[in-house]
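If you scroll down you'll find the structure; I have some questions about it.
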Amino acid sequence: MSELASESSAQREPAVSAALQGAGPRSTGRAPGPWGGILLVVEHFWTWYRRNWRATAVSSVLQPLLFLLAFGVGFGSLVAGTGSAAEATGGVDYLVWLAPALLAVSTVQSAAFESTYPVLSGFKWQRFYHAMAASPISPAQVALGHLVWVAAKMAGSGAIYVIVIALFGGVGSAGIVVSLLAAVLAGAAVAALVTAFSATRENEGAAFNALFRFVVIPMTLFSGTFFPVDRLPEWVQPLAFVSPLWHGTELARAAALDRWQPLAALGHLAYLVALLALGIALSTRFFARRLVR
Amino acid sequence: MLLVADGLVQARGLRKRFGDFEAVRGVDVDVARGEVFGFLGPNGAGKSSTMRMIACVSPRTDGSLQVLGMDPDVDGPRIRARIGVVPQLDNLDAELTVRQNLQIYGRYFGLSRAHVRAKATELLEFAQLTDRADDEVEPLSGGMKRRLTIARALVNEPELLLLDEPTTGLDPQARHLLWERLYRLKREGVTQIITTHYMDEAEQLCDRLVVMDGGVIVAEGSPAELIERYSTREVLELRFDPALRPEAAVIAPLAERVEELPDRLLLYTADGEHTHAEVARAGFVPLSALVRRSSLEDVFLRLTGRTLVD
């Protein structure tokens, strides 16, 4: 490429003489390490985000804001001062009780969304996952890069949400920072599982609609976000216990209200970490199956 | 190691099976440094499967394969770091700019931000996309996207460039521009492997090629060698009114060989004009007659009994 590299010809001279000796010029490329590769995939998404953040920022702040207004302020004023509400929230203001749970809802919902259409696009529409896999980056690094990016994005928009909640007077203590971490953990577990599912889809079909309709929305309604799970009929309660959102909500609420029950908290944490590990194992495997065949 | 000193790719008995279907059924290939090597064949011949194995994104089912002296099963990432891949379907990030696509891709090869910035500027020039550098990829034409994909494959200064159907779907003008760029890379010493089902592309670009059909190699040589070995110097193409079209067997004595296509007869002969005169003398009246040089298309027809592009 003598003509291409005319500016750096001095630097290229040795390579050219090596070519004459039969060894040929050596490529400048090398394979990044296991963590380096993941971070480079994150850098790709960050590059995309720097260009497109405006479009996504509005929706990622607006939707939680609507929830906050409708349930925290609107519905909250309805239950304010009622004995049953005070009993359920343990005496704190409904908005303060609700806020950490809404944080978990918003991270889990956006985690699910970010791991459906964008993942299928990487495989099928824009196909840039295939481009990554043709470089030294491995399919597992592509999958993990996606998950790290989703987690980072959730942490960022969650932090903004915390500020918004504070402006509405919904923050009771600095424990909300730990709530945010719990929410991101629950979101990461959901993202990993949904990513694995999306990696097996050839077409969007009805699968993503069904996922939102029959999994994400029921999970939002019955995971103790707006009322404690023990208010539900006993036969419904097991649904909450398998829901990662419920475990995330319990952790987030315990942190925000400083109502820790060590054994229960450990249980929630263990469940979410186990789901995350399962999701990572499946998604790295399914990415490899789809990109290397 | 039993490797030829400057062999970039060496395959022996290479096979690829997908379930019950065997796409590649025992292929031997040697590609030397600096040459442009082609896989010519119709869709489904096993060209792309072979390319994907060489590109280290498809583990082989059987046989041996060495790329840059390494085994793809063991050293996939290290091999991929030193090759460039132009896939059959574009896989650019359409929501990034042209320049960003080059830069971010270069980063995957462990190159510094400063390095990829300079390299992207140079590649934009090569791809004739400098004035579109900061536009999003989405609205670009097919030819521009293709040039960008090729430029992207050069970001790590690859020792081997793999191009899978590089001009499929492009208009003639875009194809010629692309060929010119690939020819320039060849002059600069970049080893290339190209799959194509266009015989004119193979003739234009390849120093040496193999003809593939049904997962096996049916012939190997330079375009000129293959034409000389499997065809005559010239071809007389005759079109007839369907009602008056003679049987191939009747006209066969006039040429070395006759091929019957749905819309015309091909008469293989050393001297097309002479044969044309003989056809007229024998009393056959074609609607049109055309004398041309033999091409790889004729080689393929001879070897497989089928045309390349159905």
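Return the distance in nm (one decimal) between the two label points of a simple spin-label model at A:VAL236 and A:LEU269, each offset 7 Å from Cα along Cα→Cβ.
3.1 nm
For B:ASP213, enumerate residues with amide H under 5 Å from its amide H, sequence gap 5+ or separate chain, H modeled in the peptide plane.
Long-range HN contacts for B:ASP213: B:VAL218.
Using helices alone, I'd like the mean residue ellipticity at 222 nm for chain B: each DSSP H run of four-plus residues gives -39500 (n - 2.57), total over residue count, nearest 500.
Theoretical 222 nm ellipticity from helices: -10000 deg cm²/dmol.
Please compute the average number of Cβ atoms from other chains found within 10 Å of each residue's Cβ in peptide B:50-58.
On the way: counts 0, 0, 3, 0, 0, 2, 4, 7, 3.
Mean partner shielding for this stretch: 2.
Ranked by Cβ crowding within 10 angstrom, fewest neighbours first, how are B:ARG117, B:ARG229, B:ARG181 ordered? Please report the intermediate quantities before stating the final value.
Working: B:ARG117 14, B:ARG229 11, B:ARG181 19.
Going from sparsest to densest Cβ surroundings: B:ARG229, B:ARG117, B:ARG181.
Using alpha carbons only, how many angstrom separate the centre of the stretch A:67-100 from the centre of the stretch A:151-174?
When both Cα centres are located, 18 Å separates them.
What ³J(HN,Hα) values, in whole Hz, does the Karplus curve 6.51 cos²θ - 1.76 cosθ + 1.60 give for the stretch A:208-222 when θ = phi - 60°, with x put for Gly and Pro?
6, 4, 4, 4, 6, 5, 9, 10, 5, 5, x, 4, 5, 7, 10
Right, something else. What average count of beta carbons from other chains do you get within 10 Å of the Cβ of residues in B:186-193?
Rounded to a whole number, the mean comes out at 2.
Under 27 Å between alpha carbons: how many lysine pairs meet that in the protein assembly as shown, if sequence neighbours fewer than 8 apart on the same chain are excluded?
Eligible lysine pairs with Cα atoms under 27 Å apart amount to 10.
Right, next: Please check: in the Gaussian network model of chain A (C-alpha springs, under 10 Å), which one of A:ALA80, A:ALA256, A:ALA265 has the largest mean-square fluctuation.
A:ALA80
Anyone know which of B:ALA202, B:ALA11, B:ALA94 comes out most mobile in the 10 Å Cα GNM of chain B?
B:ALA94
Quick one: net charge around B:LYS47, please, counting Lys, Arg +1 and Asp, Glu -1 for every other residue with C-beta under 9 Å from its C-beta. The partial results should precede the final answer.
Values: positive: none; negative: B:ASP164, B:GLU165.
So the surrounding residues net to -2.
Between A:ILE217 and A:TRP35, what is the FRET efficiency for a Förster distance of 30 Å, r being their Cβ-Cβ separation, to the nearest 0.05? Show your work: numbers first, answer last.
Working: r = 36 Å, r/R0 = 1.21.
My answer for the efficiency is 0.25.
Using a ≥ b ≥ c from the Cα gyration tensor of the stretch B:69-190 (square roots of the eigenvalues), is it rounded, prolate or oblate, where a/c under 1.5 gives rounded and otherwise the larger of a/b and b/c decides, a/b for prolate?
Numbers: a/c = 1.62, a/b = 1.22, b/c = 1.33.
Note, shape of the stretch B:69-190 comes out oblate.
Work out from phi, with θ = phi - 60° and the Karplus expression 6.51 cos²θ - 1.76 cosθ + 1.60, the ³J(HN,Hα) of each residue of the stretch A:229-240, listed in order in whole Hz, and give x for Gly and Pro.
Residue by residue, the stretch A:229-240 yields 4, 6, 7, 7, x, 4, 6, 8, 4, x, 4, 5 Hz.
Under the Karplus relation 6.51 cos²θ - 1.76 cosθ + 1.60, θ = phi - 60°, what is the ordered set of whole-Hz ³J(HN,Hα) values for the stretch A:262-279, x standing for Gly and Pro?
Running phi through 6.51 cos²θ - 1.76 cosθ + 1.60 with θ = phi - 60° gives x, 5, 4, 4, 4, x, 4, 4, 4, 4, 5, 5, 5, 4, 4, 4, 4, x Hz.
Something else: Round to the nearest 0.05 the FRET efficiency obtained for A:GLU204 and B:ALA277 when R0 = 56 Å and r is the Cβ-Cβ distance. Write down the numbers at each step before the final one.
Details: r = 64 Å, r/R0 = 1.14.
That pair, A:GLU204 with B:ALA277, gives E of 0.30.
A follow-up question, please. Springs between alpha-carbon pairs under 10 angstrom, Gaussian network model over chain A: which of A:LEU68, A:LEU232, A:LEU272 fluctuates most?
Most flexible of the set in this elastic network: A:LEU232.
Taking each residue of B:86-99 in turn, how many C-beta atoms of other protein chains fall within 10 Å of its C-beta, and what is the average? Mind showing how you got there, number by number?
Numbers: counts 1, 4, 0, 2, 4, 11, 4, 11, 5, 7, 8, 2, 0, 0.
Across the residues of B:86-99, the mean count of other-chain Cβ atoms within 10 Å is 4.
Round to the nearest 0.05 the FRET efficiency obtained for B:LEU290 and B:HIS176 when R0 = 30 Å and r is the Cβ-Cβ distance.
Efficiency for this residue pair is about 0.85.
Compute for the stretch B:7-222: radius of gyration divided by Kirkwood radius, i.e. Rg/Rh, restricted to C-alpha atoms, rounded to two decimals.
0.96
Separate question: Assigning unit charges at the beta carbon (Lys, Arg +1; Asp, Glu -1) and nothing else, what dipole magnitude in debye, to the nearest 20, does chain A show about its Cα centre?
On the way: 18 positive and 13 negative charges, 166 e Å.
Approximately 800 debye in magnitude.
So what's the net charge close to B:ARG117: Lys and Arg +1, Asp and Glu -1, counting the other residues with Cβ under 11 Å from its Cβ?
Working: positive: B:ARG99, B:ARG107, B:ARG113, B:LYS119; negative: B:GLU122.
Local net charge: +3.
Stretched out fully, how many nm does the piece from A:ALA152 to A:SER59 gain, at 0.36 nm a residue minus the Cα gap?
Working: separation 93, 0.36 × 93 = 33.48 nm, distance 1.68 nm.
Here the answer is 31.8 nm.
All of the numbers you see were taken from the coordinates with simple rules; none came from a lab. All values reported here derive from a predicted model rather than from experimental measurement. Because the Cβ atoms are built from the backbone with ideal geometry, glycine has one as well, and the counts that use them run over all protein chains shown.
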